[in-house]
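A.B. asks: Take this structure, written in structure tokens, and hold onto it; I'll ask about it next.
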Amino acid sequence: GVTQSPTHLIKTRGQQVTLRCSSQSGHNTVSWYQQALGQGPQFIFQYYREEENGRGNFPPRFSGLQFPNDSSELNVNALELDDSALYLCASSQGGHALSSTRVRGYTFGSGTRLTVV
Amino acid sequence: GENVEQHPSTLSVQEGDSAVIKCTYSDSASNYFPWYKQELGKRPQLIIDIRSNVGEKKDQRIAVTLNKTAKHFSLHITETQPEDSAVYFCAAVGNEKLTFGTGTRLTIIP
């Protein structure tokens, strides 16, 4: 399955954080979501073949990487209190990961809960 | 971009009764509509989905309907059980993005 690390993290406002995601075997696309308490997941961005190929309404201080083994990192600079949330990654196949025939393979990790104080 | 609205935000039903959750979407290009169940502290789990060329789909106690003209889709759970208690999210896929609704907290009353 999809694994994320760490499971919990506490950071101070202004700091930087790196979250990690290992995709499911055979999946070459990774998407990241932010889920604030009591809300639905919000799309941050998606990576395919080590390049970002889709982005939601998040500022540039949210950045990412995808590695040759298809694992991924989410980096957030200059943390703000509102960045406190559950961060989910999801892996899938195909790059055009949201094409209708492939989305069924969309698998979420268990998330990293980030608390900014 | 796509906007998905979901109602109600909370829903309590007696065990054995049916539950219905409704969603609307804005982007007529959206062509795939999954539903996720999220238990407290856990990841979202896909429970059922429907594609734009189908009007209804059923999987045991769970069914989903889609009205493309009206841009709305609904989740129906029959014969509810205590383990159905969770937060349910609808979602729509369009423009290469998966957009979630705001969630419905379903509570099954024994």
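A.B. asks: Taking the number of other C-beta atoms within 10 Å as the exposure measure, put B:64, B:20 in order starting with the fewest.
C.D. replies: Going from least to most buried by this count: B:20, B:64.
A.B. asks: If you don't mind, another one. Quick one: Cα convex hull volume of chain B, Å³ per residue?
C.D. replies: Spread over its residues, the Cα hull of chain B gives 90 Å³ apiece.
A.B. asks: Something else now. Could you compute the FRET efficiency for residue A:71 and residue B:29, with r as their C-beta to C-beta distance and R0 at 30 Å, rounded to 0.05?
C.D. replies: The calculated FRET efficiency here is 0.45.
A.B. asks: Okay, moving on. About the Cα centre of chain B, what is the dipole size in debye to 20, counting +1 per Lys and Arg Cβ and -1 per Asp and Glu Cβ, all else neutral?
C.D. replies: 220 debye
A.B. asks: Filter the cross-link list B:22/B:71; A:11/B:97; B:42/B:71; B:22/B:57; B:37/B:57 down to pairs whose alpha-carbon distance in this structure exceeds 19 Å.
C.D. replies: Listed pairs above 19 Å: A:11/B:97; B:42/B:71.
A.B. asks: Hey, in the GNM for chain A with a 10 angstrom Cα cutoff, which one of A:34, A:93, A:15 fluctuates hardest?
C.D. replies: Among A:34, A:93, A:15, the largest GNM mean-square fluctuation belongs to A:15.
A.B. asks: List the relative contact order of chain A as a percent without decimals, with contacts defined as Cα pairs under 8 Å and 6+ residues apart. Could you put the intermediate results ahead of the total?
C.D. replies: Values: 304 pairs, mean separation 43.1, N = 117.
Computed over chain A, the figure is 37 percent.
A.B. asks: Whole-Hz Karplus ³J(HN,Hα) for region A:43-56, in order, using 6.51 cos²θ - 1.76 cosθ + 1.60 and θ = phi - 60°, x for Gly and Pro?
C.D. replies: 5, 9, 6, 9, 10, 9, 6, 6, 10, 6, 10, x, 8, x
A.B. asks: Let me ask something else about it. Loop-only check: which trypsin sites (Lys or Arg not before Pro) in region A:1-60 are DSSP coil with at most 13 other Cβ within 10 angstrom?
C.D. replies: Details: sites: A:11, A:13, A:20, A:49, A:55; in loops: A:13, A:49.
Counting only loop positions with at most 13 other Cβ atoms within 10 Å, the trypsin sites (Lys or Arg not before Pro) in region A:1-60 are A:13, A:49.
A.B. asks: Right, something else. Taking the Cα centre of the protein assembly as shown as origin and charging only Cβ (+1 Lys, Arg; -1 Asp, Glu), how large is the dipole, in debye to the nearest 20?
C.D. replies: That gives a dipole near 140 debye.
A.B. asks: Okay, which of region B:96-110 sit inside 19 Å, backbone N to the point 7 Å along the Cα-Cβ direction of residue B:7?
C.D. replies: B:100-107
Here, each number is a calculation from the coordinates, and none is a lab measurement. In this text the structure is predicted, and so the values were computed from the model without any measurement. When we count neighbours, we look across all protein chains shown, and the Cβ atoms used for this are built from the backbone with ideal geometry, even at glycine.
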